[in-house]
Amino acid sequence: MHRLSVNLDHIATLRQVRGTQYPDLLEAARLVQVAGADGITLHLRGDRRHIQPADVTLIRAFELPLTLEIACSAENLKYCASIRPHAVTFVPERKEELSTEGGLNLGAPGLKEFVNEAVLSLKDAGVICCLFLEPDPETIRAAHAMGVRMIELHTGTYAEATPAQIAGELERIQKASALGSSLGIQMNAGHGLTVANVVPFAADKNLFEFSIGHSIVCRSVFVGLKAAVQEMKQAIG
Ligand code: PXP
C-alpha cells in the first residue's frame, strides 16, 4: 500500500489571506491522521506566503512524520538540522511562482556541493535528505551518486499534460521510479495530483509515498477534510 503525506500549505493559505487565527493547522493535522494519512508535509517558503516557522514547530511536535519542503540555502539547512523533521525535501523556489514549477537542476552552480553537505549534516541530525527531481534517468543517477536515498519525482508535467502527452509522461515517471528503486532509493511522487489522475500510479510498486495537498484541500470544501483524505488514500492504492 502506498503512503500518503498530506500537504497542509493551503490550510495555512486560508488563514494568511485574512490574517486570522483560523483555520487551525493542528485541528487539520488531527483530522488527516484520523482519515488515515501517513504523514504531513509543509512547505516553508522564503516569502512565508502560507506556512510560518511557528506552524513547523507545531506540526513537528505532532505524532505523524513531518516532511519539510524548503529551498536550498545554508541558512535553511541549519534551520532543518535544528528542527529535525522526519525528512527534508529540497525544492527550487521562485518568488514569482504560484507553486513549485519543477525539480531541482543538479547542474546549477553550487548545488552539487550543497547537496553533498545537506546529505551529511542532515544524517548527523537524524533527518532524511530528499530531493525534488524531474523523472529523468541521468538526474536520478546523479542524485544517487551524491548519496541521496530519498527522491520525490515531480508529477506536475504529467498532471498538466494534454491527452496526447499523458502516456509519455506516465512512462517517464514509471521508468524513473523503477530506476530509483533499483538503486535502493525511496521513490516518492507529488505535485498536481488528484483523485482522478493519481489512479495510474496505484499499481506502481516502485513508488512509496505521495505528497498531495491542493486537490485534497479543494475537495475538502465540499466533503470535509477527513473524507477528502480518505478518498485520496483509497485512490493511491
Ligand atoms: N511536492 C512538492 C515538492 C511541492 O512543492 C508541492 C507543492 O507545495 C507538492 C508536492 C504538493 O503539490 P499539490 O499541492 O499540487 O498537491
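The values are calculated or read from the model by the stated rules, or taken from the named source; none is laboratory data. If you're wondering where the values come from, they're calculated on a predicted model, not measured in any experiment. No Cβ is skipped: glycine too gets one built from the backbone with ideal geometry, and neighbour counts run over all protein chains shown.
Odds and ends about this structure:
- Listed conditions (1) of a type outside the set (A, V, I, L, M); (2) on the phi < 0 side of the Ramachandran plot; (3) more than 19 Å from the chain's Cα centre (by Cα) are all met by Arg172, apart from (3).
- The sole residue among Ile83, Ile40, Ile70, Ile51 that is in contact with a Phe, Trp or Tyr (Cβ under 8 Å, 6 or more places away or on another chain), more than 17 Å from Val148 (Cβ to Cβ) and β-branched (Val, Ile, Thr) is Ile40.
- Qualifying residue in segment 92-110 (condition: at pLDDT 95 or above and in a helix (DSSP H, G or I)): no
- Residue within segment 118-135 that is more than 16 Å from the ligand (Cβ to nearest atom), in contact (Cβ under 8 Å) with a residue 24 or more places away in the chain and in contact with a Gly (Cβ under 7 Å, 6 or more places away or on another chain) present: yes
- Enumerated helices (runs of 4 or more DSSP H) restricted to segment 162-237, each holding at least 2 residues that are free of Cβ contacts under 8 Å to residues at least 12 places away in the same chain: 163-182, 214-223
- Remark: Val91 matches the filter, which requires a residue to be under 29 Å from Met146 (Cα atoms) and buried (at least 20 other Cβ atoms within 10 Å of the Cβ).
- Boolean, Glu169 is surrounded by 18 or more Cβ atoms within 10 Å (Cβ to Cβ), of a type in the set (D, E, K, R), within 14 Å of the ligand (Cβ to nearest atom) and closer than 20 Å to Ala203 by Cα: no
- Test: Val229 is within 16 Å of the ligand (Cβ to nearest atom), among the hydrophobic types (A, V, I, L, M, F, W, C) and in contact with a His (Cβ under 8 Å, 6 or more places away or on another chain): no
- Here Val115 passes the criteria (1) part of a helix (DSSP H, G or I); (2) within 12 Å of the ligand (Cβ to nearest atom) except the one numbered (2).
- For segment 26-57, the set of residues classified as over 18 Å from Ser99 (Cβ atoms), within 15 Å of the ligand (Cβ to nearest atom) and free of Cβ contacts under 8 Å to residues at least 40 places away in the same chain consists of Val56 only.
- Unmet requirement for Ile151, which otherwise passes all of (1) out of contact with any Cys (no Cβ under 6 Å at 6 or more places or on another chain); (2) closer than 28 Å to Ala35 by Cβ; (3) surrounded by 19 or more Cβ atoms within 10 Å (Cβ to Cβ); (4) in contact (Cβ under 8 Å) with a residue 40 or more places away in the chain: (4)
- Taken together, Ala176, Ala145 contain a single residue that is surrounded by fewer than 17 Cβ atoms within 10 Å (Cβ to Cβ) and aliphatic (A, V, I, L, M), which is Ala145.
- Residues of segment 1-21 that turn out to be in contact with a Leu (Cβ under 8 Å, 6 or more places away or on another chain) and surrounded by fewer than 16 Cβ atoms within 10 Å (Cβ to Cβ), as a count: 0
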